[in-house]
Amino acid sequence: MILSRILDLLSKQQTATLDEIARAVGSPAPAVRSMLETLQRKGLVRRLEMQPGCGSRCSRCAPGAVEVFAPGPASDLPTPSDGPARGCGI
């Protein structure tokens with residue numbers, strides 16, 4: 001089941017972008033976003049609020065353009081600025 005594959009990926013990586021998750025499960029990003037919303041409602045996944053810039057130095061992405069997700073409810077995990085920098089893949 002795709003939902004359990006998403007949860008497995010996030011438990012192993014701790015964070016992943018929407019595009020990374022979509023590639024890992026072999027589904028289009030809009031379908032994966034819908035699945036992530038279901039997991040968010042159940043408190044199993046949370047969307048991280050990104051600081052301006054995604055951690056790379058290119059500055060091409062608008063704030064909010066990169067969607068990053070993590071396992072668990074909002075109070076359990078650090079913000080992306082607390083962890084290693086992530087590139088956007090551009």
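Can you tell me which condition GLY72 does not meet? The list is (1) surrounded by 14 or more Cβ atoms within 10 Å (Cβ to Cβ); (2) on the phi < 0 side of the Ramachandran plot; (3) modelled with pLDDT under 95, and all the others hold.
GLY72 satisfies every listed condition except (2).
Quick check on the range 10-31: of everything there that is closer than 16 Å to LEU48 by Cα and free of Cβ contacts under 8 Å to residues at least 40 places away in the same chain, which residue is farthest from the chain's Cα centre (by Cα)? Quick ask: steps written out before the conclusion?
In the first step, residues of the range 10-31 are kept if they are closer than 16 Å to LEU48 by Cα; the result is 10-11, 13-21.
If we keep only those that are free of Cβ contacts under 8 Å to residues at least 40 places away in the same chain as well, we get 13, 20.
Values: GLN13: 10, GLU20: 8 Å.
Going through the qualifying residues, I end up with GLN13.
The values are calculated or read from the model by the stated rules, or taken from the named source; none is laboratory data. Owing to the predicted nature of the structure, the values given are computational and were not obtained by experimental measurement. No Cβ is skipped: glycine too gets one built from the backbone with ideal geometry, and neighbour counts run over all protein chains shown.
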